[in-house]
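Written out below as structure tokens is the structure these notes cover.
The values are calculated or read from the model by the stated rules, or taken from the named source; none is laboratory data. No experiment lies behind these values; they were computed from the predicted model shown. Heads up, the Cβs are rebuilt from the backbone with ideal geometry, glycines too, and the neighbour counts pull from every protein chain shown.
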Amino acid sequence: MKPTNVPLTVRNFDRVKCGICFGCGCACGYIAYLKGGDLVDVYGHPHHPNNVGSLCSRGITLLQRAPFSPLRLRHPLLREGDSWRSVGRAEVLDWMEKNLRGRIAVFLGRHTDLKDYLAARTLTKHVYGDALYLPFASSTLKPRLWSSKRVILLLECEPVFSEPMTARWLVDAFERSAYIVAVSSRFTTASAKATARLLLKPPAAVRFFEELAEALEGRSQALEEEAVRLVEAFTSISDSSLILVGETLLRSPWRDNVISALRRIRRRVRIDYAVVGDVSLFELRELPDFLRDLESYDAFVLFGNPAVHMSHEELRLLRERKVLHLTHFPNLTSHWADLLVPVPFFHEREFTGYRTSFGSLYTSPRVLDPPEGVCDPADLLLAFTGGSIDPAGVLPDREVDPEEGAILPAPFIEDWDGEIEPAPLEEEGVFLVCDSTLTDETGHWSLWTHELEPEQIALLNGRTAELLGVKDSVEFSGVSLKLKLTPNVAEDVLFVPLSFEETQPFGGGVRPGSLLGGRGYRVARLQIPRR
């Protein structure tokens with residue numbers, strides 16, 4: 001895209017560049033104002049249809065704050081006993097030649113490029129990631145069209161915390177008097193805009209969705225009042241209806257239950273739908289598979305921070321392997337690695353985002369120059385393997401439209417005939433939910449955004465706290481967390497932010513993998529006795 005005719009900033013600059021933000025799957029356009037090699041200001045692009053001039057705190061942090069953090073890793077480091085030594089590219093490749101042998105797995109983090117994904121496949125067929133992979137279209141429409149819907153169901157979905165800029169389109173729908181029902185384990189920004197709110201623990205929310213599907217299929221159900229209204233609305237104005245499914249329940253034991261119910265609903269009435277969260281457009285194995293298969297590999301190439309999802313035993317297994325870690329910051333995973341290699345942020349390279357929840361592939365030009373010593377991960381992997389990327393059938397054969405991206409073909413969920421196995425719904429007990437909040441894991445490395453959520457606090461409904469006999473703190477999974485009582489969490493739910501871990505520089509916390517038992521889910525039933 002091109003800059004505006006009149007600058008949006010009053011700061012002194014000498015160059016202007018436009019790009020796409022890949023802090024989440026929204027693919028917002030932005031305008032960057034530069035002076036020499038410095039980024040002096042950044043604004044949402046007013047003409048980009050995905051954000052129409054807005055830019056969230058996460059995007060600003062990743063574009064303008066995080067790249068210049070003094071905590072950023074700026075040159076490769078090799079572990080030698082209990083210390084680290086700075087090394088050059090030649091020594092990095094030499095270490096890779098000597099140690100990346102046997103069965104090798106690659107784990108891709110959120111801020112990886114499509115070329116990283118393709119380069120990883122030249123190294124091994126065992127490619128994992130912390131994104132959801134869905135073999136069907138994750139969305140039937142772009143988020144900006146949400147505002148035209150008259151009936152919307154939010155199933156454990158909080159766009160403000162996962163794909164922030166999409167929330168503006170929900171607000172537009174709310175202001176147009178849409179009938180919005182929020183079914184979730186916590187009261188959030190989206191709940192505040194809803195017509196009706198049902199605070200339910202995760203298995204009860206799944207049961208609500210399954211019963212909704214059965215009712216739409218014509219099978220009688222003793223439904224709650226809001227479910228009856230939804231059935232009537234979905235049946236009468238399906239073309240103006242929308243179901244938004246947050247990624248949380250797709251990262252739980254009841255993933256197939258949710259997929260099955262959504263497929264059945266779409267086969268009955270063609271309601272629009274979207275999965276909101278971190279979704280890969282290209283096939284990869286998911287986090288639960290990675291944790292399950294961990295012991296079968298001899299060496300790993302890890303992006304991001306997968307250690308936050310691991311239990312103590314899984315971390316021990318990781319330490320016994322050879323580990324190359326490609327990262328922006330020396331996070332928890334770095335402490336369990338043998339070689340650290342700094343990588344560029346998405347705007348410091350030409351970047352094609354393959355992880356989005358809305359089905360489109362976007363490409364953005366390089367806006368900033370990366371610091372000296374930072375390595376392009378795809379180039380590094382290809383230099384090691386001696387392979388090359390074949391873009392045929394994967395990368396677009398033409399320039400991607402900067403506004404609309406390139407929509408990748410995939411069957412809608414009702415046309416996908418894959419096998420699924422719904423799990424039993426065990427609703428008894430207290431359930432831990434570890435989910436996204438205002439600040440993501442990378443954001444905690446920036447003091448500016450860390451202060452939005454400075455400490456890790458467990459949230460619990462007052463009635464549930466009374467049944468458990470807790471008040472100021474709660475103990476589970478071998479840890480004790482400060483407790484805050486709130487009516488904004490469903491009964492029998494203990495909520496803990498997803499994005500904390502033990503080695504964060506500004507007030508750490510406990511990694512969710514330790515709390516959840518290392519299974520790669522965001523929901524787990526707790527063994528906490530009631531009083």
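What's the number of the only condition in (1) under 30 Å from Glu320 (Cα atoms); (2) surrounded by 22 or more Cβ atoms within 10 Å (Cβ to Cβ) that Asn51 fails to meet?
Among (1) under 30 Å from Glu320 (Cα atoms); (2) surrounded by 22 or more Cβ atoms within 10 Å (Cβ to Cβ), the lone unmet condition for Asn51 is (1).
Select from the stretch 94-110 the residues that are farther than 30 Å from Cys24 by Cβ and surrounded by 14 or more Cβ atoms within 10 Å (Cβ to Cβ) and list them in ascending order. Explain how you work it out, then say what you get.
Residues of the stretch 94-110 that are farther than 30 Å from Cys24 by Cβ, as a first pass: 94-103.
Correct list: Trp95, Met96, Asn99, Leu100.
Take the residues in the stretch 213-244 that are surrounded by fewer than 18 Cβ atoms within 10 Å (Cβ to Cβ) and touching a Phe, Trp or Tyr at 6+ places or on another chain (Cβ under 8 Å); name whichever of them is farthest from Ser177 (Cα to Cα).
Filtering the stretch 213-244 for residues that are surrounded by fewer than 18 Cβ atoms within 10 Å (Cβ to Cβ) and touching a Phe, Trp or Tyr at 6+ places or on another chain (Cβ under 8 Å), the one farthest from Ser177 (Cα to Cα) comes out as Glu224.
Looking at (1) surrounded by fewer than 21 Cβ atoms within 10 Å (Cβ to Cβ); (2) outside any loop (DSSP other than H, G, I, E, B); (3) touching a residue at least 24 places away in the same chain (Cβ under 8 Å); (4) not polar (S, T, N, Q), which is the one condition that is false for Ile20?
(1)
Of everything in the stretch 256-282, what is more than 21 Å from the chain's Cα centre (by Cα) and either among the hydroxyl-bearing types (Ser, Thr, Tyr) or within 21 Å of Pro330 (Cα to Cα) (or both)? Give them in sequence order.
Ser260, the sole residue that qualifies.
If only one of Lys193, Lys201 is over 27 Å from Ser57 (Cα atoms) and more than 20 Å from the chain's Cα centre (by Cα), which one is it?
Details: Lys193 fails: over 27 Å from Ser57 (Cα atoms).
From the options Lys193, Lys201, the qualifying one is Lys201.
Does any residue of the stretch 48-58 turn out to be among the charged types (D, E, K, R), farther than 15 Å from Pro365 by Cα and modelled with pLDDT under 95? Before the answer, list the steps.
Taking the stretch 48-58 first, the residues among the charged types (D, E, K, R) are 58.
With farther than 15 Å from Pro365 by Cα added as a condition, the list becomes 58.
This time we only want the ones that are modelled with pLDDT under 95, so: 58.
Yes, that holds for at least one residue.
Leu154: within 21 Å of the chain's Cα centre (by Cα) and closer than 19 Å to Val231 by Cβ, yes or no?
On the way: within 21 Å of the chain's Cα centre (by Cα): yes; closer than 19 Å to Val231 by Cβ: yes.
Answer is yes for this residue.
Just a yes or no: is a residue in the stretch 35-49 within 27 Å of His309 (Cβ to Cβ), outside any helix (DSSP H, G or I) and within 30 Å of the chain's Cα centre (by Cα)?
Checking the stretch 35-49: not a single residue is within 27 Å of His309 (Cβ to Cβ), outside any helix (DSSP H, G or I) and within 30 Å of the chain's Cα centre (by Cα).
In the stretch 111-159, how many are buried (at least 21 other Cβ atoms within 10 Å of the Cβ), assigned to a helix (DSSP H, G or I) and not charged (D, E, K, R)?
Here the count works out to 8.
For the stretch 283-298, indicate whether the set of residues that are among the basic types (Lys, Arg), within 17 Å of the chain's Cα centre (by Cα) and in a strand (DSSP E or B) is non-empty.
To start, the set of residues in the stretch 283-298 that are among the basic types (Lys, Arg) comprises 285, 292.
Retained after the next criterion (residues that are within 17 Å of the chain's Cα centre (by Cα)): 285.
In the following step, the residues that additionally are in a strand (DSSP E or B) were identified as 285.
Within the stretch 283-298, one or more residues are among the basic types (Lys, Arg), within 17 Å of the chain's Cα centre (by Cα) and in a strand (DSSP E or B).
When the residues of the stretch 458-473 are filtered to those that are touching a residue at least 40 places away in the same chain (Cβ under 8 Å) and among the aliphatic types (A, V, I, L, M), which remaining residue is nearest to Pro70 (Cα to Cα)?
Ranking the candidates gives Leu459 first.
Listed here are the residues, each with its yes/no results for (1) buried (at least 17 other Cβ atoms within 10 Å of the Cβ); (2) farther than 20 Å from Pro253 by Cβ; (3) basic (Lys, Arg).
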site	(1), (2), (3)
Ser473	no, yes, no
Gly478	no, yes, no
Leu483	yes, yes, no
Thr486	no, yes, no
Ala490	yes, no, no
Leu494	yes, no, no
Phe500	yes, yes, no
Gly508	no, yes, no
Gly513	yes, no, no
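Starting from residues that are in a loop (DSSP other than H, G, I, E, B) and in contact with a Leu (Cβ under 9 Å, 6 or more places away or on another chain), keep the ones in the stretch 447-464 and report whichever is surrounded by the most Cβ atoms within 10 Å (Cβ to Cβ). Please lay out each step first, then the result.
So in the stretch 447-464, the residues in a loop (DSSP other than H, G, I, E, B) come out as 451-457, 461.
Add one more test, that the residue is in contact with a Leu (Cβ under 9 Å, 6 or more places away or on another chain), and what stays is 452-453, 456-457, 461.
Values: Leu452: 15, Glu453: 18, Gln456: 20, Ile457: 17, Asn461: 22.
By that ranking, first place goes to Asn461.
Mind checking whether some residue in the stretch 209-226 is within 22 Å of Asn50 (Cα to Cα) and free of Cβ contacts under 8 Å to residues at least 40 places away in the same chain? Lay out the reasoning, then the answer.
Let us first name the residues in the stretch 209-226 that are within 22 Å of Asn50 (Cα to Cα), namely none.
Checked the stretch 209-226: no residue is within 22 Å of Asn50 (Cα to Cα) and free of Cβ contacts under 8 Å to residues at least 40 places away in the same chain.
Using beta carbons and a limit of 9 Å, which pairs, at least six apart or on different chains, have the first residue in the stretch 424-450 and farther than 22 Å from Thr333 by Cα and the second one polar (S, T, N, Q) and not in a loop (DSSP other than H, G, I, E, B)?
Correct list of pairs: Leu425/Asn257; Val430/Thr464; Val433/Thr248; Leu438/Ser57; Leu438/Thr449; Trp448/Ser57; Trp448/Thr61.
Condition check ((1) basic (Lys, Arg); (2) closer than 30 Å to Thr503 by Cβ; (3) assigned by TED's automatic domain parsing to the domain that holds Ile60; (4) touching a strand residue (DSSP E or B) at 6+ places or on another chain (Cβ under 8 Å)) across all residues:
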site	(1), (2), (3), (4)
Lys322	yes, yes, no, yes
Thr327	no, yes, no, yes
Phe358	no, no, no, yes
Thr363	no, no, no, yes
Ala378	no, yes, no, no
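Being under 21 Å from Thr352 (Cα atoms) and touching a strand residue (DSSP E or B) at 6+ places or on another chain (Cβ under 6 Å): is that true of Leu34 here? Outline the logic, then answer.
Values: under 21 Å from Thr352 (Cα atoms): no; touching a strand residue (DSSP E or B) at 6+ places or on another chain (Cβ under 6 Å): yes.
So Leu34 does not fit the description; no.
Given the options Leu249, Leu302, Leu223, Leu287, name the one that is more than 16 Å from Asp130 (Cβ to Cβ) and at pLDDT 95 or above. If you could, list the steps in order and put the result at the bottom.
Values: Leu302 fails: more than 16 Å from Asp130 (Cβ to Cβ); Leu223 fails: at pLDDT 95 or above; Leu287 fails: more than 16 Å from Asp130 (Cβ to Cβ).
Selected residue: Leu249, the only one of Leu249, Leu302, Leu223, Leu287 that is more than 16 Å from Asp130 (Cβ to Cβ) and at pLDDT 95 or above.
For Lys2, indicate whether it is modelled with pLDDT under 95 and basic (Lys, Arg).
Details: modelled with pLDDT under 95: yes; basic (Lys, Arg): yes.
Judged against the criteria, Lys2 is a match.
Hey, could you check the stretch 331-367 for residues that are polar (S, T, N, Q) and closer than 30 Å to Gly507 by Cα and say which is surrounded by the fewest Cβ atoms within 10 Å (Cβ to Cβ)? Please lay out each step first, then the result.
The initial filter retains those residues of the stretch 331-367 that are polar (S, T, N, Q), namely 331, 333-334, 352, 356-357, 360, 363-364.
Those left that are additionally closer than 30 Å to Gly507 by Cα: 331, 333-334.
Numbers: Asn331: 25, Thr333: 29, Ser334: 21.
Within the stretch 331-367, the match that is surrounded by the fewest Cβ atoms within 10 Å (Cβ to Cβ) is Ser334.
Can you tell me which residue among Leu515, Leu481 is in a strand (DSSP E or B), touching a strand residue (DSSP E or B) at 6+ places or on another chain (Cβ under 8 Å) and closer than 21 Å to Leu332 by Cα?
Values: Leu515 fails: in a strand (DSSP E or B).
Only one candidate passes the filter, namely Leu481.
Of everything in the stretch 1-17, what is touching a Phe, Trp or Tyr at 6+ places or on another chain (Cβ under 8 Å) and either outside any loop (DSSP other than H, G, I, E, B) or not aromatic (Phe, Trp, Tyr) (or both)? Give them in sequence order.
Taking the stretch 1-17 as the starting set, the residues that turn out to be touching a Phe, Trp or Tyr at 6+ places or on another chain (Cβ under 8 Å) are 7-9, 11, 13, 15-16.
Selection gives Pro7, Leu8, Thr9, Arg11, Arg15, Val16.
When you check Ala205 against the structure, is it crowded, with 19+ Cβ neighbours inside 10 Å and part of a helix (DSSP H, G or I), yes or no?
Yes; evaluated as a whole, the condition is true for this residue.
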